[in-house]
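Here the structure is laid out as structure tokens; the discussion comes afterwards.
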Amino acid sequence: MKIRTMAGGFATAAVLTMGGFGYAAAQPGDFSTLPVDPNLITDSLAYSAAPPVFNPNGQPGVQAVYTHRDGSRQITSTVLVLPDAQAASAALDGARAELAGKVANGKTQAAAVGSGGTMLTGTSPDGSKSVTVLSFAEGNTATTLEFDGASTDPAPSDLVLELGRKQDTAIRDWQAA
Amino acid sequence: MRKIGMALAIAAVLSGSVATAQTAYAAQSSHDTNVSIQPVLPAGPKLQLLDCYGTTGGMGCGPGWVWRDGWRGMGCYPC
């Protein structure tokens with residue numbers, strides 16, 4: 001049933017894309033509302049946002065960096081908006097391969113977020129920081145949420161999943177708009 | 001004379017016994033058997049659970065939790 005639904009979704013996306021009404025075409029370049037502010041699930045003052053970076057590394061999408069007020073924690077949200085789901089899946093694979101060299105002692109586990117969600121936990125190569133990365137696809141988007149903190153203070157998995165699910169919902173709402 | 005002495009001695013002994021008995025009875029009657037007196041027991045040790053820092057905790061955080069600024073901002077976090 002799920003496969004049938006996904007196949008239907010892909011077919012619909014393909015039809016819409018061919019007709020000139022794909023996700024990216026429907027909202028050309030308007031990615032500013034995509035990132036979910038982590039203050040939504042905190043005490044609402046904990047994080048400050050840097051100005052979003054559009055089309056990071058030349059890829060269509062948006063990247064937002066949120067820094068904790070004490071400076072010891074940082075959340076980086078990257079949402080890439082690609083032509084189709086296959087491209088999004090490929091971009092996600094590329095991002096995960098890149099992360100493999102960025103996270104030491106990494107442990108990967110499945111995460112019930114979006115499509116193909118995974119959570120990677122580990123440390124920075126020098127061991128000075130904890131690093132947790134949640135990645136998932138949703139339609140034609142590929143998302144990574146990176147949580148950097150002190151080595152003794154990794155991001156709690158419930159927080160990672162909660163923010164990830166809110167991000168996934170925001171993407172689906174954006175796609176449906 | 002000897003008989004008088006003996007009589008006085010016997011009278012003294014008898015009067016002493018009677019007086020002692022009255023005193024003992026009087027002392028006994030001062031206790032009301034209908035009043036229940038609870039024994040005073042020593043207070044047992046009170047258990048005060050502590051937070052991560054060995055204090056009684058702040059901001060309503062329970063034992064095993066501590067108030068600090070963490071990933072979710074200010075809040076109670078486990079030790």
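All of the numbers you see were taken from the coordinates with simple rules; none came from a lab. None of these values were measured; they are calculated from a predicted model. All Cβ positions, even for glycine, are placed from backbone atoms using ideal geometry, and neighbour counts span all protein chains on display.
Numbers at a glance
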| read-out | value |
| --- | --- |
| Derived scalar couplings ³J(HN,Hα) [the stretch A:119-135; Karplus, 6.51 cos²θ - 1.76 cosθ + 1.60; whole Hz; x for Gly, Pro] | 10, 10, 10, x, 10, 5, x, 8, x, 7, 10, 8, 9, 10, 10, 9, 10 |
| Net charge, A:LEU134 excluded, C-beta distance under 14 Å - Lys, Arg +1, Asp, Glu -1 | -2 |
| Dipole magnitude of the stretch A:30-176, debye to nearest 20 (Cβ charges: Lys/Arg +1, Asp/Glu -1, about Cα centre) | 180 |
| Distance in nm between pseudo-label sites at A:ALA150 and A:ALA104 (7 Å out along the Cβ direction from Cα) | 1.9 |
| Neighbouring partner chain Cβ atoms per residue of A:38-47, average, 10 Å criterion | 3 |
| 10 Å Cβ neighbours from other chains, averaged over peptide B:63-73 | 6 |
| Extended-chain gain in nm, criterion 0.36 nm per residue less alpha-carbon gap, A:SER72 and A:ALA90 | 3.3 nm |
| Relative contact order, percent, the stretch A:30-176 [alpha-carbon distance under 8 Å, six or more residues apart] | 21 |
| Label-to-label distance, nm, for residues given as B:MET59 and A:LYS166 (7 Å Cα→Cβ offset) | 1.7 |
